[in-house]
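So the structure is just underneath, and the comments pick up after that.
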Amino acid sequence: MRPIICITGGYAFDRQFHSKSLTLNKTYTAAVTAGGGLPTLALDFDAFDEYAAMADGLVLSGSQGFSPDPSLLSDSLHTERNQFEQAIARAFLQAGKPILGICLGLQQLNVVFGGDLHPNFKLEDGVEHMMTKHTIETAEGSLIRRLFGTGFYINSRHNVKIGTLAPELVVTATSPDGVIEAFEHKTLPVIACQWHPERMRGDFPEPPEGPDMTPLFESFVALCAEEKRRRCGE
């Protein structure tokens, strides 16, 4: 049986009735499936312990929201999502199950482990990381370097960056202007990237200059399967 991979989603509102719902770009499920996993969406914000018991791994997705009336996407909804994602991350950590953080997911994990964030950093640093592309340099010995080499192009879709990195995390990739673009946990099966690897594969990769990121999802799903076998004593 394929490893079950739980994925978190972003808020949305129904066009006609303005009812609260969740949304997830299909690139996430396509990437997990291509990696050999069986994707499932975390729909119940009160069931984080049950998701951690059921699934073999967790993908914390990037920031996403849709509404025909932008005023409906209030700060309280973002707070609710943050609280849920940090709770489900802790549940999976407690269960010893792997986590892949993507964009906002990377930021959530840094907070969970005791780090902090720097919002709207471009206003101080004068660099743009939203809706653009740039290169990164990977760290020696990191998973990212083993899979994709010393440096390559990535997409960039964030206005928040890591401020203080949590002590248990190790930087595995940085941008030319010094932004932390990826990290791994020192001892736990936790990896994260600030870019969107799920968009760097398939028929229309973003950016086209970057590598096919399918191997990242294959590696993560394989890690989930390995940890499952270890827990079951196989």
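The values are calculated or read from the model by the stated rules, or taken from the named source; none is laboratory data. Owing to the predicted nature of the structure, the values given are computational and were not obtained by experimental measurement. Cβ: placed from backbone, ideal geometry, glycine included. Neighbour counts: every protein chain shown.
Numerical summary
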| quantity | calculated |
| --- | --- |
| Strands (runs of 3 or more DSSP E) enclosed by the stretch 139-234 - at least 1 residues per element that are aliphatic (A, V, I, L, M) and within 25 Å of Lys26 (Cα to Cα) | 151-157, 160-162, 180-185, 190-193 |
| In the stretch 157-173, the residues that are farther than 21 Å from Leu188 by Cβ and modelled with pLDDT of 95 or more | Gly163 |
| Filter result (more than 18 Å from Gln94 (Cα to Cα) and among the hydroxyl-bearing types (Ser, Thr, Tyr)) within the stretch 179-234 | Thr214, Ser219 |
| Per-region count, the stretch 3-24, residues assigned to a loop (DSSP other than H, G, I, E, B) and either surrounded by 17 or more Cβ atoms within 10 Å (Cβ to Cβ) or modelled with pLDDT of 95 or more (or both) | 4 |
| Residues satisfying the stated conditions in the stretch 181-233, i.e. touching a strand residue (DSSP E or B) at 6+ places or on another chain (Cβ under 9 Å), basic (Lys, Arg) and loosely packed, with under 15 Cβ neighbours inside 10 Å | Lys186 |
| Residue list for the stretch 70-102, filter: modelled with pLDDT under 95, closer than 18 Å to Leu24 by Cα and outside any helix (DSSP H, G or I) | Leu73 |
| Filter result for the condition that a residue is touching a residue at least 60 places away in the same chain (Cβ under 8 Å), aromatic (Phe, Trp, Tyr) and under 17 Å from Gly210 (Cα atoms), over Phe84, Phe183, Phe148 | Phe148 |
| Every residue from the stretch 146-180 that is of a type in the set (Lys, Arg) and surrounded by fewer than 16 Cβ atoms within 10 Å (Cβ to Cβ) | Arg146 |
| Positions within the stretch 82-110 being farther than 22 Å from Ile154 by Cβ and hydrophobic (A, V, I, L, M, F, W, C), in sequence order | Phe84, Ala87, Ile88, Ala89, Ala91, Phe92, Leu93, Ala95 |
| Residues satisfying the stated conditions in the stretch 103-138, i.e. surrounded by fewer than 19 Cβ atoms within 10 Å (Cβ to Cβ) and either touching a Pro at 6+ places or on another chain (Cβ under 7 Å) or part of a strand (DSSP E or B) (or both) | Gly114, Leu117, His118, Pro119, Met130, Met131, Thr132, Lys133, His134, Thr135, Glu137 |
| First in the stretch 155-167 and touching a residue at least 40 places away in the same chain (Cβ under 8 Å), second anywhere and of a type in the set (D, E, K, R) and surrounded by fewer than 21 Cβ atoms within 10 Å (Cβ to Cβ), Cβ under 6 Å, 6 or more apart | Asn155/Lys133; Asn155/Glu206; Gly163/Asp116; Thr164/Asp116 |
| Hits in the stretch 212-234 - residues which are at pLDDT 95 or above and over 19 Å from Pro39 (Cα atoms) | Asp212 |
